[in-house]
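Novice: Below you'll find the structure I mean.
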């Protein structure tokens with residue numbers, strides 16, 4: 001069954017379930033923005049699915065409703081809220097195996113248990129028409145206990161001691177952390193907090209935590225810490241001071257870039273040749289550079305000059321990899337290494 005039919009029938013279910021007096025066919029056709037014949041077919045489909053649709057005549061007009069004994073289940077949610085929760089299960093598939101994903105699945109199981117058989121079956125059919133497929137993401141099945149401990153430590157304001165593998169060097173060190181917030185971004189889970197080793201607010205990738213335990217020490221979140229402000233200037237995960245950035249995308253990428261929000265500070269402007277110019281103030285140039293390079297020749301950094309030079313160096317190093325051996329060495333250049341996220 002097509003998605004538009006299911007969506008329309010879903011609206012029809014809600015209208016019939018919320019009305020004791022029922023609806024006339026013309027009113028339903030107007031509300032659903034379709035013809036009377038379509039409403040007839042939808043009513044037949046609902047009756048075939050087991051919904052108790054009844055009709056009665058009043059003043060020469062036929063009205064349709066559900067039997068008064070019919071309810072949309074015994075749960076304190078509207079149908080829209082139930083569907084949104086089911087949709088959220090797909091959204092959290094990237095965190096499968098963690099407490100976040102398991103908890104919403106448990107909640108949905110309880111909700112489905114309180115639904116009537118007709119609505120439960122229909123929701124299953126409706127859910128098949130709305131799917132969310134996660135993009136590239138990490139596997140957190142092995143980090144379940146780490147995530148649970150971090151969540152508890154954030155709520156109880158408890159300092160944790162962890163063995164952490166640094167992304168840049170791969171070195172493993174023990175450090176104490178006051179975890180302020182667990183944060184999901186770009187397919188990864190991160191914990192933001194006060195790092196005792198550096199005496200700074202830092203961001204750590206959860207999957208790089210090799211061992212973790214709660215200490216007996218409690219902490220207070222620093223008064224001047226504001227999570228939204230902390231991440232506000234970041235293009236990705238790395239928190240750095242914001243700088244003005246100006247990038248030109250050629251016509252091939254203009255629509256694709258324009259249709260998305262990349263940062264809260266962005267402004268967009270079309271040029272006469274169909275290109276699109278993006279301006280924003282962001283930090284985290286390592287992540288920004290990787291993003292720019294993903295567009296290949298379709299993106300050009302206008303400013304800042306330092307970022308432009310870094311992108312040029314990366315492109316030249318990439319080109320050297322496809323040239324005969326020795327060319328890069330002869331030019332005295334070494335391929336730049338990407339900067340992994342996290343300290």
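The values are calculated or read from the model by the stated rules, or taken from the named source; none is laboratory data. Model, not experiment: these values are computed from the prediction. Here the Cβ positions follow ideal geometry from the backbone for every residue, glycine too, while neighbour counts run over all protein chains shown.
Novice: Got a sec? Which of 74, 90 is within 36 Å of the chain's Cα centre (by Cα), loosely packed, with under 12 Cβ neighbours inside 10 Å, modelled with pLDDT under 80 and under 30 Å from residue 101 (Cα atoms)?
Specialist: Values: 90 fails: loosely packed, with under 12 Cβ neighbours inside 10 Å.
That would be 74, the only listed residue that is within 36 Å of the chain's Cα centre (by Cα), loosely packed, with under 12 Cβ neighbours inside 10 Å, modelled with pLDDT under 80 and under 30 Å from residue 101 (Cα atoms).
Novice: From the list 224, 178, exactly one residue is more than 24 Å from the chain's Cα centre (by Cα) and assigned to a strand (DSSP E or B). Which is it? So that I can check it myself, show each step before the final result.
Specialist: Values: 224 fails: assigned to a strand (DSSP E or B).
Exactly one of 224, 178 is more than 24 Å from the chain's Cα centre (by Cα) and assigned to a strand (DSSP E or B), namely 178.
Novice: Against the conditions (1) farther than 22 Å from residue 314 by Cβ; (2) surrounded by 13 or more Cβ atoms within 10 Å (Cβ to Cβ); (3) more than 26 Å from the chain's Cα centre (by Cα); (4) not assigned by TED's automatic domain parsing to the domain that holds residue 191, where does residue 266 fall short? Just the number, please.
Specialist: Going through the list (1) farther than 22 Å from residue 314 by Cβ; (2) surrounded by 13 or more Cβ atoms within 10 Å (Cβ to Cβ); (3) more than 26 Å from the chain's Cα centre (by Cα); (4) not assigned by TED's automatic domain parsing to the domain that holds residue 191, residue 266 breaks only (3).
Novice: How many of the residues in region 233-262 are surrounded by fewer than 17 Cβ atoms within 10 Å (Cβ to Cβ), assigned to a loop (DSSP other than H, G, I, E, B) and within 20 Å of the chain's Cα centre (by Cα)?
Specialist: Adding up the residues that qualify gives 4.
Novice: Which one of the conditions (1) surrounded by 12 or more Cβ atoms within 10 Å (Cβ to Cβ); (2) within 34 Å of the chain's Cα centre (by Cα); (3) over 16 Å from residue 124 (Cα atoms); (4) modelled with pLDDT of 80 or more does residue 33 fail to meet, given that it meets all the rest?
Specialist: Only one criterion in (1) surrounded by 12 or more Cβ atoms within 10 Å (Cβ to Cβ); (2) within 34 Å of the chain's Cα centre (by Cα); (3) over 16 Å from residue 124 (Cα atoms); (4) modelled with pLDDT of 80 or more is unmet by residue 33, namely (1).
Novice: For region 39-62, give me the residue count where each residue is more than 39 Å from the chain's Cα centre (by Cα) and either in a strand (DSSP E or B) or closer than 13 Å to residue 17 by Cα (or both).
Specialist: 7
Novice: Anything in region 189-224 that is surrounded by fewer than 20 Cβ atoms within 10 Å (Cβ to Cβ), more than 14 Å from residue 160 (Cα to Cα) and either outside the structural domain of residue 159 (by TED's automatic domain parsing) or in contact with a helix residue (DSSP H, G or I) (Cβ under 9 Å, 6 or more places away or on another chain) (or both)? List them, or say none.
Specialist: Result: 201, 207.
Novice: Which ones in region 53-71 are surrounded by 14 or more Cβ atoms within 10 Å (Cβ to Cβ) and either out of contact with any helix residue (DSSP H, G or I) (no Cβ under 8 Å at 6 or more places or on another chain) or modelled with pLDDT of 90 or more (or both)?
Specialist: Once the filter is applied, which keeps residues that are surrounded by 14 or more Cβ atoms within 10 Å (Cβ to Cβ) and either out of contact with any helix residue (DSSP H, G or I) (no Cβ under 8 Å at 6 or more places or on another chain) or modelled with pLDDT of 90 or more (or both), region 53-71 yields 54, 63, 64.
Novice: Right, another one. Right, residue 271: touching a strand residue (DSSP E or B) at 6+ places or on another chain (Cβ under 7 Å) and surrounded by fewer than 12 Cβ atoms within 10 Å (Cβ to Cβ) or not? Break it down stepwise before answering.
Specialist: Values: touching a strand residue (DSSP E or B) at 6+ places or on another chain (Cβ under 7 Å): yes; surrounded by fewer than 12 Cβ atoms within 10 Å (Cβ to Cβ): no.
No.
Novice: Find all pairs meeting these conditions: Cβ atoms under 8 angstrom apart; at least six residues apart or on different chains; first residue within region 85-97 and in contact (Cβ under 8 Å) with a residue 60 or more places away in the chain; second residue part of a helix (DSSP H, G or I) and surrounded by 14 or more Cβ atoms within 10 Å (Cβ to Cβ).
Specialist: Hits for this filter: 95/101.
Novice: When you check residue 298 against the structure, is it under 29 Å from residue 188 (Cβ atoms), under 22 Å from the mean Cα position of the chain (by Cα) and in contact (Cβ under 8 Å) with a residue 40 or more places away in the chain, yes or no? Break it down into steps so the answer makes sense when it comes.
Specialist: Details: under 29 Å from residue 188 (Cβ atoms): yes; under 22 Å from the mean Cα position of the chain (by Cα): no; in contact (Cβ under 8 Å) with a residue 40 or more places away in the chain: yes.
Judged against the criteria, residue 298 is not a match.
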